[in-house]
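Engineer: There's a structure below that I have some questions on.
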Amino acid sequence: MTAPGVEDAVRGREPVTERRLHPVTPLRRAWAPVAVVIGWAVHDPDQAQRQLTRLTTTTLLIALAVLVPVAALYGFMTWWFTHFAVTESELRIRTGLLFRRTAHIRLERIQAIDVTQPLLARVAGVAKLKLDVIGTDKKDELAFLGEREARALRAELLARAAGFAPETAHEVGEAPVRELLRTPPRDLAISVVLTGSTWGTLAAALVVPPLLWLATHSVWTVLATGLPLLGAAGASSVGRFVTEYDWKVGESPDGLRIDHGLLDRAHETVPPGRVQTVRIVEPLLWRRRGWVRVELDVAGSSNSVLVPVAPRAVAEAVVARVLPGVTVPTRKSLSRPPHRAGRCIPLWWRAYGLTVTDTYFATRHGLLRRSLALVPHAKVQSVRLSQGPWQRLWHLADVHVDTGANKSVTARLRDAQEAATLLRAQAERSRTGRRDAGPDRWMTSRGESGRAPGGGGVRGG
Amino acid sequence: METGSPLNTGPTGNEAAEPTWIGLPPGLLRMRRLLLVVWLGLLALGLGLLLGLLCGPGWAAFALLPLALLAWGWVLIGRNWRSWRYAERADDLLISRGVLWREETVVPYGRMQLVEVTSGPVERHFGLASVQLHTAAAATDATIPGLDPAEAERLRDRLTELGEARSAGL
């Protein structure tokens, strides 16, 4: 917790209007005590049953009379004690009844903003605002806000993060969106059907439980293994279809807009210059149709799909918009490792490839499921060369390029001499590559952007 | 196999010329070898006494096993220590290490988020400190162990200064 004197001093300097979340919010937390009771019942079923048989209508009514107000009070209190405010450079969230937590999130460090609407929230007309900040494990979220308020707040946060003057920030409004791509449901359905893992989990879910039944004749074992398997099969087929339904990628001055979902709608915004890595994945069964999937890494973010399925040309056009000045390299332009790489990794070495242009570093791997990863030089945090004893025997080495999204892109089994030159050259390129990159506040010019301190969010608790 | 194989031959420009590599001071080698001798020596002694008393003097020869391990470890530690080296170039820091599993890391100063100097109780006793660099990528494993505390502090201050001058964020 911040010392009261400091907080007063800060308040005195700039009056901050604090706001509360949408009044629906208490209902979301109201069921927490019920969850505790259910958890106890599941944990200790015998005792729960004994207690249940002793219950009479009156005790039940009394319990309800106590429980409901307590739940309501708890929900109300958490709602009452949660405040947020947008200042010139920060989003401040104050929360907590007993354990106070204050998060100050620097706006120019925001990596992505998501507005999500779970099914029930859609019915109630409210939305959740999630912020991706580097260095935090869990997303800071404001749940719930009114639907219109959430959009207005997102627009305001983005405008301020972009560097518009504070007075004009909430008049700027939503930036216009130009649609780049929309996935037809038919393509999505076919792509799910053509995914190997869908069939793998489904086959496992159908084969394993009967075998277990034959082996053990115990219902519990069968249920305990069958249900998770069925769940996994459902998540990888129906679940994927439902989340990736009506996938739209749009472009706006505030960055990339991704909208998707059949039941739960999600609207993600990735400001310009936040994309650390782009991967183009081509599963084996999609190859005949010429489809690819595009994934992207943003620091501090968990959502990684950019395009669930699209023809290669369309996907490459989207990648070119995401990473300005990048054209996706063709298969031919990637250089393979030398032939002796086959002594280290037989067969699969053929799939490895590497190309370096003046804007990005790209590697490919995967014989059946091809995957091409692109890293802009400006996003490279460090470069590493590693060489094991067997690789040294064949004068081969790996070069790893680390990005801020905690992912490394590896050029495998290069000639040792080539790898050493690549290491030095890549370090040089990643250092100079930053000069041409845009500022953190993307609407300001490079000069006035200034330098921001290292961390993503400043917290006190 | 040689540890200092001349991998780094960048013939382009002045900057890419052979950087001035700095090895580690002998303190770390002394500490690791001493710890090795103490632990394996105790083990050999204990094993020898126990076997000699319980099973007969012939069995006590098994106590030679930790001694062989000690000799092997002595050499390994020496080779590993010799393989560690770092170089401060104009714009980036190079760290090279490993005998069998060689690894070389380049961190541009502008990408440094935090420089840490750590020193455990044993290290402090031997007058050693290690410097660790953090970038936004967790995979960046840039640690220089076993430095002289004064050198560690100098390096920290210099890296922080250079990092500030060239800071680039994410």
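The values are calculated or read from the model by the stated rules, or taken from the named source; none is laboratory data. Quick caveat, the model's predicted, so the values are computed rather than measured. Glycine also receives a Cβ, built like all others from the backbone with ideal geometry; neighbour counts cover every protein chain displayed. Remember, those area values only see protein heavy atoms, side chains included, never the ligands or the DNA or RNA. Shrake-Rupley method; radii C 1.70, N 1.55, O 1.52, S 1.80 Å.
Engineer: In this structure, is A:T277 of a type in the set (V, I, T) and at pLDDT below 90? Walk me through how you get there before you give the answer.
Structural biologist: Details: of a type in the set (V, I, T): yes; at pLDDT below 90: no.
Judged against the criteria, A:T277 is not a match.
Engineer: Within segment A:324-405, considering only strands (runs of 3 or more DSSP E) that don't extend past its boundaries, which have at least 3 residues that are of a type outside the set (K, R) and over 25 Å from A:G290 (Cα atoms)? Even if it seems obvious, please write down each step before you answer.
Structural biologist: Working: elements: A:353-356, A:360-365, A:370-376, A:380-387, A:396-403.
Result: A:380-387, A:396-403.
Engineer: Another question, then. Give the residue that is farthest from the other protein chains (Cβ to nearest Cβ), with candidates limited to residues of segment B:78-98 that are surrounded by fewer than 18 Cβ atoms within 10 Å (Cβ to Cβ) and in contact with a helix residue (DSSP H, G or I) (Cβ under 6 Å, 6 or more places away or on another chain).
Structural biologist: Once the filter is applied, the top-ranked residue is B:G98.
Engineer: Filter segment B:99-117 down to the residues that are more than 7 Å from chain A (Cβ to nearest Cβ) and hydrophobic (A, V, I, L, M, F, W, C) and list them by number. Talk me through it step by step, then tell me what you get.
Structural biologist: Looking only at segment B:99-117, we keep the residues that are more than 7 Å from chain A (Cβ to nearest Cβ), and these are B:99, B:109, B:112, B:115-117.
Answer for segment B:99-117, where residues must be more than 7 Å from chain A (Cβ to nearest Cβ) and hydrophobic (A, V, I, L, M, F, W, C): B:V99, B:M112, B:V115, B:V117.
Engineer: Within segment A:398-410, can you find the residues that are free of Cβ contacts under 8 Å to residues at least 40 places away in the same chain and facing another protein chain (nearest Cβ under 8 Å)?
Structural biologist: A:H400, A:D402, A:S408
Engineer: If you don't mind, another one. If we scan segment B:106-114, do we find a residue that is surrounded by fewer than 20 Cβ atoms within 10 Å (Cβ to Cβ) and under 13 Å from the mean Cα position of the chain (by Cα)?
Structural biologist: The answer is no, given that none of the residues of segment B:106-114 is surrounded by fewer than 20 Cβ atoms within 10 Å (Cβ to Cβ) and under 13 Å from the mean Cα position of the chain (by Cα).
Engineer: Quick one: which helices (runs of 4 or more DSSP H) lie wholly within segment A:142-243 and hold at least 2 residues that are in contact with a strand residue (DSSP E or B) (Cβ under 9 Å, 6 or more places away or on another chain) and small (G, A, S)? Give the derivation first.
Structural biologist: Details: elements: A:147-162, A:166-172, A:185-193, A:196-216, A:219-234.
Here the list reads A:147-162.
Engineer: Here is a list: A:R182, A:R154. Which entry is under 22 Å from the mean Cα position of the chain (by Cα), within 25 Å of A:V24 (Cα to Cα) and modelled with pLDDT of 80 or more? Steps first, answer last, please.
Structural biologist: Details: A:R182 fails: within 25 Å of A:V24 (Cα to Cα).
Result: A:R154 is the single residue among A:R182, A:R154 that is under 22 Å from the mean Cα position of the chain (by Cα), within 25 Å of A:V24 (Cα to Cα) and modelled with pLDDT of 80 or more.
Engineer: To continue, here is another question. Just give me the residues in segment A:172-230 being open to solvent by 60 Å² or more (accessible area, probe 1.4 Å) and charged (D, E, K, R), in sequence order.
Structural biologist: A:E174, A:R178, A:E179, A:R182, A:R186
Here is a yes/no grid of residues against (1) open to solvent by 70 Å² or more (accessible area, probe 1.4 Å); (2) on the phi > 0 side of the Ramachandran plot; (3) without any contact (Cβ under 8 Å) to a residue 40 or more places away in the chain; (4) out of contact with any Pro (no Cβ under 7 Å at 6 or more places or on another chain):
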residue: A:L60; (1), (2), (3), (4): yes, no, yes, yes
residue: A:E88; (1), (2), (3), (4): yes, no, no, no
residue: A:T95; (1), (2), (3), (4): no, no, yes, yes
residue: A:F99; (1), (2), (3), (4): yes, no, no, yes
residue: A:I105; (1), (2), (3), (4): no, no, no, yes
residue: A:G125; (1), (2), (3), (4): no, yes, yes, yes
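Engineer: Only one of (1) more than 8 Å from chain B (Cβ to nearest Cβ); (2) crowded, with 21+ Cβ neighbours inside 10 Å; (3) modelled with pLDDT of 85 or more fails for A:G456. Which number is that?
Structural biologist: (3)
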